[in-house]
1. For Gly122, state whether it is of a type outside the set (D, E, K, R) and either within 15 Å of the chain's Cα centre (by Cα) or not assigned by TED's automatic domain parsing to the domain that holds Tyr259 (or both).
2. For region 71-91, how many residues meet the condition of being of a type in the set (S, T, N, Q) and not in a strand (DSSP E or B)?
3. Confirm whether Leu174 is at pLDDT 95 or above and out of contact with any Lys or Arg (no Cβ under 8 Å at 6 or more places or on another chain).
4. Are there any pairs with C-beta distances below 6 angstrom linking a residue in region 159-187 that is at positive phi to a residue that is buried (at least 23 other Cβ atoms within 10 Å of the Cβ), with the two at least 6 apart or on different chains, and if so which?
5. Having 1 or more residues that are of a type in the set (Lys, Arg) and either surrounded by fewer than 18 Cβ atoms within 10 Å (Cβ to Cβ) or modelled with pLDDT of 95 or more (or both) is the bar; report the helices (runs of 4 or more DSSP H) wholly within region 9-70 that clear it.
6. Restricting attention to region 160-181, report how many residues are of a type in the set (D, E, K, R) and surrounded by fewer than 19 Cβ atoms within 10 Å (Cβ to Cβ).
7. Can you name every residue in region 71-101 that is surrounded by fewer than 17 Cβ atoms within 10 Å (Cβ to Cβ), of a type in the set (D, E, K, R) and modelled with pLDDT of 95 or more?
8. Hey, any hits in region 102-114 for a residue that's basic (Lys, Arg), buried (at least 17 other Cβ atoms within 10 Å of the Cβ) and in contact (Cβ under 8 Å) with a residue 24 or more places away in the chain?
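The values are calculated or read from the model by the stated rules, or taken from the named source; none is laboratory data. Just so it is clear, the model here is predicted, and its values are computed rather than measured. A quick note on method: Cβ atoms are made from the backbone with ideal geometry, for glycine too, and the neighbour counts reach across all protein chains shown.
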Amino acid sequence: MENILSLLPEELEALMAQLGEPKYRARQLFEGLHKGLAPDEISNVGKKTVAKLAEVTTYHLPTVRRKLVSAIDGTIKYLFELEDGNCVESVVMHYKHGSTICISSQVGCRMGCKFCASTIGGRVRDLSPAELIGQVIAAQKDISASAPNARIGGIVMMGIGEPLDNFDNVVKFLRLVNAEGGICIGYRHISLSTCGVVDKIYELAKHDLPITLSISLHACDDTTRSSIMPINNKWGVDALLSACKDYFAATGRRISFEYTLIRGKNDSVAAAEQLANVLNSRLRSRTDTMPIHVNLIPVNPVEETGFDRSDDKAVKAFAAALEKKGVRATVRRKLGADINAACGQLRRADQKSQL
(Lines give C-alpha, C1' and ligand atoms only; values in the text may rest on other atoms or scores of the structure.)
Protein backbone atom coordinates (compact mmCIF):
# COMPACT_ATOMS: atom_id res chain seq x y z
CA MET A 1 0.00 0.00 0.00
CA GLU A 2 1.11 3.55 -0.74
CA ASN A 3 2.06 6.01 1.98
CA ILE A 4 -0.73 8.61 2.01
CA LEU A 5 1.90 11.38 2.16
CA SER A 6 2.77 10.57 -1.47
CA LEU A 7 -0.67 11.59 -2.71
CA LEU A 8 -1.25 14.93 -4.45
CA PRO A 9 -4.46 16.85 -3.61
CA GLU A 10 -6.20 15.61 -6.76
CA GLU A 11 -5.19 12.04 -5.94
CA LEU A 12 -6.63 12.40 -2.45
CA GLU A 13 -9.86 13.71 -3.98
CA ALA A 14 -10.05 10.64 -6.24
CA LEU A 15 -9.42 8.41 -3.23
CA MET A 16 -12.16 10.10 -1.22
CA ALA A 17 -14.61 9.56 -4.07
CA GLN A 18 -13.58 5.91 -4.21
CA LEU A 19 -14.21 5.56 -0.46
CA GLY A 20 -17.56 7.34 -0.64
CA GLU A 21 -16.29 10.39 1.25
CA PRO A 22 -17.03 14.05 0.42
CA LYS A 23 -14.54 15.95 -1.76
CA TYR A 24 -13.67 18.46 0.98
CA ARG A 25 -12.27 15.62 3.10
CA ALA A 26 -9.26 15.51 0.78
CA ARG A 27 -8.40 19.12 1.62
CA GLN A 28 -8.73 18.44 5.37
CA LEU A 29 -6.44 15.43 5.09
CA PHE A 30 -3.83 17.19 2.94
CA GLU A 31 -3.61 20.18 5.25
CA GLY A 32 -3.40 18.03 8.39
CA LEU A 33 -0.86 15.57 7.00
CA HIS A 34 1.45 18.35 5.88
CA LYS A 35 1.34 19.87 9.36
CA GLY A 36 2.84 16.64 10.66
CA LEU A 37 -0.36 15.04 11.91
CA ALA A 38 -1.14 11.36 11.45
CA PRO A 39 -4.59 10.65 9.94
CA ASP A 40 -6.03 9.76 13.36
CA GLU A 41 -4.69 13.05 14.80
CA ILE A 42 -6.58 15.28 12.36
CA SER A 43 -9.49 16.52 14.45
CA ASN A 44 -11.96 17.18 11.62
CA VAL A 45 -11.53 13.73 10.06
CA GLY A 46 -13.75 11.09 11.67
CA LYS A 47 -12.76 7.63 12.90
CA LYS A 48 -14.75 5.91 10.15
CA THR A 49 -12.81 7.78 7.47
CA VAL A 50 -9.52 6.97 9.19
CA ALA A 51 -10.49 3.29 9.28
CA LYS A 52 -11.28 3.33 5.56
CA LEU A 53 -7.90 4.96 4.83
CA ALA A 54 -6.05 2.33 6.86
CA GLU A 55 -7.40 -0.34 4.54
CA VAL A 56 -5.94 1.21 1.38
CA THR A 57 -3.00 3.41 2.49
CA THR A 58 -0.20 3.47 5.02
CA TYR A 59 1.21 6.38 6.99
CA HIS A 60 4.76 6.81 8.23
CA LEU A 61 6.82 9.90 8.94
CA PRO A 62 10.62 9.64 9.19
CA THR A 63 11.72 9.46 12.82
CA VAL A 64 14.74 11.18 14.35
CA ARG A 65 17.45 8.60 15.01
CA ARG A 66 20.11 11.18 15.80
CA LYS A 67 20.05 14.95 16.01
CA LEU A 68 23.08 17.23 16.23
CA VAL A 69 22.87 20.97 16.83
CA SER A 70 25.82 23.24 16.09
CA ALA A 71 26.89 25.42 19.00
CA ILE A 72 28.50 27.74 16.42
CA ASP A 73 25.60 28.67 14.14
CA GLY A 74 22.57 26.61 15.18
CA THR A 75 22.69 24.33 12.14
CA ILE A 76 20.70 21.15 12.83
CA LYS A 77 21.67 17.81 11.34
CA TYR A 78 19.17 14.96 11.42
CA LEU A 79 19.72 11.29 10.82
CA PHE A 80 16.21 10.20 9.89
CA GLU A 81 15.19 6.56 10.14
CA LEU A 82 12.75 5.33 7.50
CA GLU A 83 10.06 2.71 7.90
CA ASP A 84 12.34 -0.11 6.71
CA GLY A 85 15.17 0.87 9.07
CA ASN A 86 17.32 2.59 6.44
CA CYS A 87 18.62 6.06 7.32
CA VAL A 88 19.09 9.32 5.43
CA GLU A 89 20.35 12.76 6.41
CA SER A 90 18.76 16.20 6.37
CA VAL A 91 20.29 19.50 7.46
CA VAL A 92 18.43 22.65 8.53
CA MET A 93 20.50 25.78 7.94
CA HIS A 94 19.67 29.23 9.27
CA TYR A 95 20.30 32.36 7.24
CA LYS A 96 19.34 36.02 7.61
CA HIS A 97 16.51 35.52 5.13
CA GLY A 98 15.17 32.39 6.87
CA SER A 99 15.75 28.65 7.24
CA THR A 100 16.49 26.17 4.48
CA ILE A 101 16.54 22.38 4.62
CA CYS A 102 18.90 20.20 2.63
CA ILE A 103 17.26 16.82 2.00
CA SER A 104 18.32 13.42 0.66
CA SER A 105 16.79 11.85 -2.44
CA GLN A 106 18.07 8.28 -2.14
CA VAL A 107 19.40 5.84 0.44
CA GLY A 108 23.01 5.87 -0.66
CA CYS A 109 24.14 6.84 -4.16
CA ARG A 110 25.50 5.03 -7.19
CA MET A 111 27.17 7.99 -8.90
CA GLY A 112 30.57 7.25 -7.34
CA CYS A 113 31.93 10.80 -6.97
CA LYS A 114 35.33 10.28 -5.37
CA PHE A 115 35.12 13.10 -2.83
CA CYS A 116 31.65 12.27 -1.44
CA ALA A 117 30.86 10.18 1.63
CA SER A 118 27.29 9.58 0.41
CA THR A 119 28.36 7.25 -2.37
CA ILE A 120 30.46 4.92 -0.20
CA GLY A 121 28.60 1.62 -0.21
CA GLY A 122 26.57 2.53 -3.30
CA ARG A 123 22.85 3.02 -3.78
CA VAL A 124 20.44 1.03 -1.63
CA ARG A 125 17.14 2.36 -2.99
CA ASP A 126 15.21 5.43 -4.08
CA LEU A 127 13.12 7.49 -1.68
CA SER A 128 9.39 7.72 -2.29
CA PRO A 129 7.62 11.10 -2.57
CA ALA A 130 6.37 10.50 0.99
CA GLU A 131 9.92 9.98 2.26
CA LEU A 132 11.13 13.07 0.43
CA ILE A 133 8.48 15.40 1.79
CA GLY A 134 8.54 13.52 5.09
CA GLN A 135 12.02 14.90 5.79
CA VAL A 136 10.71 18.46 5.47
CA ILE A 137 7.61 17.77 7.57
CA ALA A 138 9.51 15.93 10.31
CA ALA A 139 12.18 18.64 10.55
CA GLN A 140 9.56 21.41 10.64
CA LYS A 141 7.65 19.54 13.32
CA ASP A 142 10.80 19.15 15.40
CA ILE A 143 11.97 22.76 15.25
CA SER A 144 8.42 24.05 15.85
CA ALA A 145 8.34 22.21 19.17
CA SER A 146 10.86 24.69 20.61
CA ALA A 147 10.31 27.64 18.27
CA PRO A 148 6.62 27.76 17.23
CA ASN A 149 7.13 30.63 14.76
CA ALA A 150 10.16 29.13 13.04
CA ARG A 151 9.47 28.05 9.46
CA ILE A 152 11.45 26.24 6.83
CA GLY A 153 11.08 28.39 3.74
CA GLY A 154 13.56 26.85 1.30
CA ILE A 155 14.67 23.44 0.12
CA VAL A 156 17.98 22.29 -1.29
CA MET A 157 18.11 18.82 -2.87
CA MET A 158 21.80 18.31 -2.24
CA GLY A 159 21.83 15.58 0.41
CA ILE A 160 22.46 11.87 -0.02
CA GLY A 161 21.68 10.60 -3.52
CA GLU A 162 21.34 11.97 -7.05
CA PRO A 163 17.89 13.60 -7.44
CA LEU A 164 17.70 13.05 -11.19
CA ASP A 165 18.45 9.35 -10.68
CA ASN A 166 15.12 9.23 -8.81
CA PHE A 167 13.38 11.41 -11.37
CA ASP A 168 9.67 10.55 -11.16
CA ASN A 169 9.55 10.57 -7.35
CA VAL A 170 11.47 13.84 -7.18
CA VAL A 171 9.17 15.58 -9.67
CA LYS A 172 6.13 14.43 -7.70
CA PHE A 173 7.76 15.67 -4.48
CA LEU A 174 8.29 19.09 -6.05
CA ARG A 175 4.62 19.28 -6.94
CA LEU A 176 3.64 18.12 -3.44
CA VAL A 177 5.75 20.69 -1.67
CA ASN A 178 4.35 23.49 -3.84
CA ALA A 179 0.70 22.42 -3.61
CA GLU A 180 -1.84 24.78 -2.07
CA GLY A 181 -2.84 23.88 1.47
CA GLY A 182 0.36 21.99 2.22
CA ILE A 183 3.85 23.17 3.04
CA CYS A 184 3.56 25.73 0.22
CA ILE A 185 7.24 26.30 -0.46
CA GLY A 186 7.46 28.04 -3.82
CA TYR A 187 9.47 26.56 -6.67
CA ARG A 188 11.75 29.60 -6.71
CA HIS A 189 12.85 28.70 -3.19
CA ILE A 190 13.92 25.20 -4.24
CA SER A 191 17.30 24.21 -5.63
CA LEU A 192 18.04 20.81 -7.16
CA SER A 193 21.63 19.65 -7.48
CA THR A 194 22.76 17.10 -10.07
CA CYS A 195 26.15 15.63 -10.92
CA GLY A 196 25.15 15.80 -14.58
CA VAL A 197 22.48 13.29 -15.62
CA VAL A 198 22.14 14.94 -19.01
CA ASP A 199 19.08 13.15 -20.39
CA LYS A 200 17.12 13.97 -17.23
CA ILE A 201 18.14 17.64 -17.40
CA TYR A 202 16.36 17.82 -20.74
CA GLU A 203 13.37 15.96 -19.31
CA LEU A 204 13.23 18.27 -16.30
CA ALA A 205 13.07 21.30 -18.59
CA LYS A 206 9.83 19.93 -20.09
CA HIS A 207 8.07 19.91 -16.71
CA ASP A 208 8.01 23.70 -16.40
CA LEU A 209 9.09 23.78 -12.76
CA PRO A 210 10.78 27.14 -12.06
CA ILE A 211 13.32 25.75 -9.61
CA THR A 212 17.04 26.59 -9.54
CA LEU A 213 19.23 23.92 -11.12
CA SER A 214 22.66 23.42 -9.57
CA ILE A 215 25.32 21.54 -11.51
CA SER A 216 28.07 19.72 -9.62
CA LEU A 217 30.87 20.50 -12.07
CA HIS A 218 34.13 20.35 -10.05
CA ALA A 219 36.34 20.36 -13.17
CA CYS A 220 36.01 21.72 -16.70
CA ASP A 221 38.14 19.23 -18.63
CA ASP A 222 37.12 15.63 -19.22
CA THR A 223 40.34 14.07 -17.90
CA THR A 224 40.13 15.72 -14.47
CA ARG A 225 36.36 15.47 -14.16
CA SER A 226 36.26 11.79 -15.13
CA SER A 227 38.92 11.02 -12.52
CA ILE A 228 36.68 12.30 -9.71
CA MET A 229 33.19 11.91 -11.22
CA PRO A 230 32.55 8.63 -13.12
CA ILE A 231 29.36 10.03 -14.70
CA ASN A 232 31.60 12.18 -16.90
CA ASN A 233 32.58 9.01 -18.76
CA LYS A 234 28.97 8.82 -20.03
CA TRP A 235 28.27 12.53 -20.49
CA GLY A 236 31.36 14.67 -20.88
CA VAL A 237 31.76 18.35 -20.11
CA ASP A 238 30.66 19.46 -23.60
CA ALA A 239 27.41 17.45 -23.42
CA LEU A 240 26.71 18.71 -19.90
CA LEU A 241 27.26 22.38 -20.73
CA SER A 242 25.14 22.03 -23.88
CA ALA A 243 22.32 20.68 -21.71
CA CYS A 244 22.76 23.62 -19.33
CA LYS A 245 22.55 26.13 -22.15
CA ASP A 246 19.45 24.44 -23.57
CA TYR A 247 17.86 24.25 -20.09
CA PHE A 248 18.31 27.99 -19.62
CA ALA A 249 16.94 28.69 -23.10
CA ALA A 250 13.85 26.59 -22.34
CA THR A 251 13.17 27.78 -18.79
CA GLY A 252 14.90 31.13 -18.30
CA ARG A 253 15.96 29.87 -14.88
CA ARG A 254 19.41 30.59 -13.52
CA ILE A 255 21.85 27.68 -13.25
CA SER A 256 24.43 27.57 -10.49
CA PHE A 257 27.67 25.64 -10.85
CA GLU A 258 29.12 23.93 -7.80
CA TYR A 259 32.87 23.50 -7.72
CA THR A 260 34.47 21.50 -4.92
CA LEU A 261 38.06 22.62 -4.39
CA ILE A 262 40.49 19.74 -3.78
CA ARG A 263 44.04 20.62 -2.83
CA GLY A 264 46.46 19.85 -5.64
CA LYS A 265 43.72 18.47 -7.89
CA ASN A 266 41.62 21.31 -9.24
CA ASP A 267 42.35 24.40 -7.13
CA SER A 268 45.08 26.26 -9.01
CA VAL A 269 44.70 29.72 -10.53
CA ALA A 270 45.32 28.13 -13.92
CA ALA A 271 42.35 25.80 -13.31
CA ALA A 272 40.20 28.81 -12.39
CA GLU A 273 41.17 30.65 -15.57
CA GLN A 274 40.44 27.55 -17.64
CA LEU A 275 37.06 27.17 -15.93
CA ALA A 276 36.13 30.78 -16.65
CA ASN A 277 37.21 30.47 -20.29
CA VAL A 278 35.18 27.29 -20.79
CA LEU A 279 32.03 28.68 -19.15
CA ASN A 280 32.25 31.96 -21.03
CA SER A 281 32.90 30.36 -24.42
CA ARG A 282 30.31 27.58 -24.09
CA LEU A 283 27.49 29.42 -22.34
CA ARG A 284 27.76 33.02 -23.48
CA SER A 285 27.76 34.80 -26.80
CA ARG A 286 27.09 38.37 -27.84
CA THR A 287 23.35 37.74 -27.76
CA ASP A 288 23.20 35.47 -24.71
CA THR A 289 22.22 36.81 -21.30
CA MET A 290 22.76 33.60 -19.37
CA PRO A 291 24.02 34.47 -15.88
CA ILE A 292 26.90 32.32 -14.65
CA HIS A 293 27.52 31.79 -10.98
CA VAL A 294 30.08 29.44 -9.46
CA ASN A 295 29.68 28.31 -5.88
CA LEU A 296 33.08 27.32 -4.51
CA ILE A 297 33.11 24.57 -1.88
CA PRO A 298 36.38 23.59 -0.15
CA VAL A 299 36.18 19.80 0.03
CA ASN A 300 35.09 18.19 3.29
CA PRO A 301 37.76 15.67 4.29
CA VAL A 302 36.44 12.09 4.23
CA GLU A 303 38.67 9.36 5.60
CA GLU A 304 38.13 7.01 2.67
CA THR A 305 38.89 9.55 -0.10
CA GLY A 306 42.28 10.89 0.93
CA PHE A 307 41.42 14.33 -0.48
CA ASP A 308 42.59 17.45 1.37
CA ARG A 309 40.85 20.78 1.76
CA SER A 310 42.26 23.77 -0.15
CA ASP A 311 43.68 26.45 2.13
CA ASP A 312 42.06 29.87 2.41
CA LYS A 313 44.72 31.54 0.26
CA ALA A 314 44.11 29.14 -2.63
CA VAL A 315 40.34 29.53 -2.34
CA LYS A 316 40.55 33.34 -2.44
CA ALA A 317 42.95 33.24 -5.40
CA PHE A 318 40.64 30.88 -7.30
CA ALA A 319 37.61 33.10 -6.70
CA ALA A 320 39.54 36.23 -7.71
CA ALA A 321 40.67 34.59 -10.96
CA LEU A 322 37.06 33.77 -11.87
CA GLU A 323 35.82 37.27 -11.05
CA LYS A 324 38.61 38.79 -13.13
CA LYS A 325 37.23 36.97 -16.16
CA GLY A 326 33.64 38.03 -15.50
CA VAL A 327 32.39 34.90 -13.74
CA ARG A 328 30.62 35.60 -10.47
CA ALA A 329 31.96 33.42 -7.65
CA THR A 330 31.08 32.95 -4.02
CA VAL A 331 32.62 30.71 -1.39
CA ARG A 332 30.04 28.62 0.43
CA ARG A 333 29.91 29.51 4.09
CA LYS A 334 30.77 26.41 6.11
CA LEU A 335 27.88 25.66 8.45
CA GLY A 336 27.76 23.14 11.27
CA ALA A 337 31.53 22.69 11.31
CA ASP A 338 31.39 21.22 14.83
CA ILE A 339 28.77 18.57 13.95
CA ASN A 340 30.13 17.11 10.68
CA ALA A 341 27.26 18.65 8.72
CA ALA A 342 28.74 17.63 5.37
CA CYS A 343 26.63 15.24 3.33
CA GLY A 344 26.85 11.56 4.21
CA GLN A 345 29.14 11.80 7.22
CA LEU A 346 26.55 11.16 9.93
CA ARG A 347 25.01 8.21 8.07
CA ARG A 348 28.48 6.79 7.44
CA ALA A 349 29.37 7.08 11.13
CA ASP A 350 26.11 5.34 12.07
CA GLN A 351 26.82 2.52 9.61
CA LYS A 352 30.29 2.02 11.06
CA SER A 353 28.89 1.84 14.59
CA GLN A 354 26.64 -1.05 13.52
CA LEU A 355 29.59 -3.15 12.32
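1. no
2. The qualifying residues number 2.
3. yes
4. As it stands, the answer is Gly161/Ser104; Gly161/Ser105; Gly161/Gln106; Gly161/Cys109; Gly181/Phe30, since those pairs meet every condition given.
5. 24-33, 47-56
6. Selection size over region 160-181: 3.
7. If the condition is that a residue be surrounded by fewer than 17 Cβ atoms within 10 Å (Cβ to Cβ), of a type in the set (D, E, K, R) and modelled with pLDDT of 95 or more, then Glu81, Glu83, Asp84 are the ones that fit.
8. Scanning region 102-114 turns up at least one residue that is basic (Lys, Arg), buried (at least 17 other Cβ atoms within 10 Å of the Cβ) and in contact (Cβ under 8 Å) with a residue 24 or more places away in the chain.
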